[in-house]
1. Among 112, 78, which is the only one that is open to solvent by 20 Å² or more (accessible area, probe 1.4 Å), without any contact (Cβ under 8 Å) to a residue 60 or more places away in the chain and out of contact with any helix residue (DSSP H, G or I) (no Cβ under 9 Å at 6 or more places or on another chain)?
2. Among the residues in the stretch 51-58, are any in contact (Cβ under 8 Å) with a residue 40 or more places away in the chain, exposed (fewer than 15 other Cβ atoms within 10 Å of the Cβ) and in contact with a strand residue (DSSP E or B) (Cβ under 7 Å, 6 or more places away or on another chain)?
3. Need pairs with beta-carbon distance below 7 Å; first residue more than 17 Å from residue 109 (Cβ to Cβ) and within the stretch 124-137, second charged (D, E, K, R) and assigned to a loop (DSSP other than H, G, I, E, B); sequence gap 6+ or separate chains.
4. Among the residues of the stretch 69-117 satisfying the criterion of being basic (Lys, Arg) and touching a Ser or Thr at 6+ places or on another chain (Cβ under 9 Å), which is farthest from residue 173 (Cα to Cα)?
5. For the stretch 13-46, what are the residues that are open to solvent by 80 Å² or more (accessible area, probe 1.4 Å) and either among the hydrophobic types (A, V, I, L, M, F, W, C) or in contact with a strand residue (DSSP E or B) (Cβ under 6 Å, 6 or more places away or on another chain) (or both)?
6. Please work out which residue is farthest from residue 12 (Cα to Cα), limiting yourself to the stretch 178-196 and to residues that are open to solvent by 90 Å² or more (accessible area, probe 1.4 Å) and touching a residue at least 40 places away in the same chain (Cβ under 8 Å).
7. Just to check your reading of the model, which residue among 37, 41, 20 is out of contact with any His (no Cβ under 6 Å at 6 or more places or on another chain), assigned to a strand (DSSP E or B) and either without any contact (Cβ under 8 Å) to a residue 40 or more places away in the chain or under 25 Å from residue 95 (Cβ atoms) (or both)?
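The values are calculated or read from the model by the stated rules, or taken from the named source; none is laboratory data. Predicted, not measured: the structure shown is a model, and the values here were computed from it. Here the Cβ positions follow ideal geometry from the backbone for every residue, glycine too, while neighbour counts run over all protein chains shown. Heavy atoms of the whole protein, side chains included, go into the accessibility calculation; ligands, DNA and RNA do not. Shrake-Rupley method; radii C 1.70, N 1.55, O 1.52, S 1.80 Å.
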Amino acid sequence: MISIDPKKNTERENYKLLIGSIIPRPIAFVTTKSEQGVINGAPFSFFNIVSSNPPMISLAVQRPNGRLKDTARHIHHQQQFVVHIVDEDNVKQVNETAASLPVTESEIDRAQFTLIDSQLISIPGIQEAKVRMECRLVQSIPLMNGDEQTGDLFIGEVVKFHIDETIYNEGRIDPRKLKAVSRLAGLNYAKIGDIFEIERPD
């Protein structure tokens, strides 16, 4: 067994260890809106469930070289965002949105996604996702390395779920029909694969 002190690693070395071992990671495609009204879309795999009562999700956005990313800036300003689950049918379009664009240009247009209005917040979502969640910001937590802020952790409350009827049955989502994809390391992604059951002990 190799033992590694993260304090002796570079940020990139720690990043590779984390993304190579914490797999598979769900991918959130997040839409936000700039102060100028431009709709931004970006994928994030530092994302998960926080609570079901109330329903809340977490989204961590890194600050490369201390620079605030557009998504984080917009969430701070608008206090709202929409999270979409990335699946086999939209992952190639989502990948297009990872390109670095000026803040005046929309990744939505580049990926040829179709915007759809939200019901309870002012940020639109995309029609091509089978699951989307309208979120209001509950808390933003600065992620620090000493005195330097290296990221932003956002906790959002889901105020409205939108689920494609083809994957929904009696309150449950069919994972085979959702076909969610997950992030591995490097350029690699994964599909759901085999599904198996294990009974919990009493």
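1. Values: 112 fails: out of contact with any helix residue (DSSP H, G or I) (no Cβ under 9 Å at 6 or more places or on another chain).
Unique residue meeting the criteria: 78.
2. yes
3. 130/164
4. Out of the qualifying residues, it is 73.
5. Listed by number, the residues that qualify are 17, 18, 22, 23, 24.
6. In this case the residue turns out to be 191.
7. Of the residues listed, the single one that is out of contact with any His (no Cβ under 6 Å at 6 or more places or on another chain), assigned to a strand (DSSP E or B) and either without any contact (Cβ under 8 Å) to a residue 40 or more places away in the chain or under 25 Å from residue 95 (Cβ atoms) (or both) is 41.
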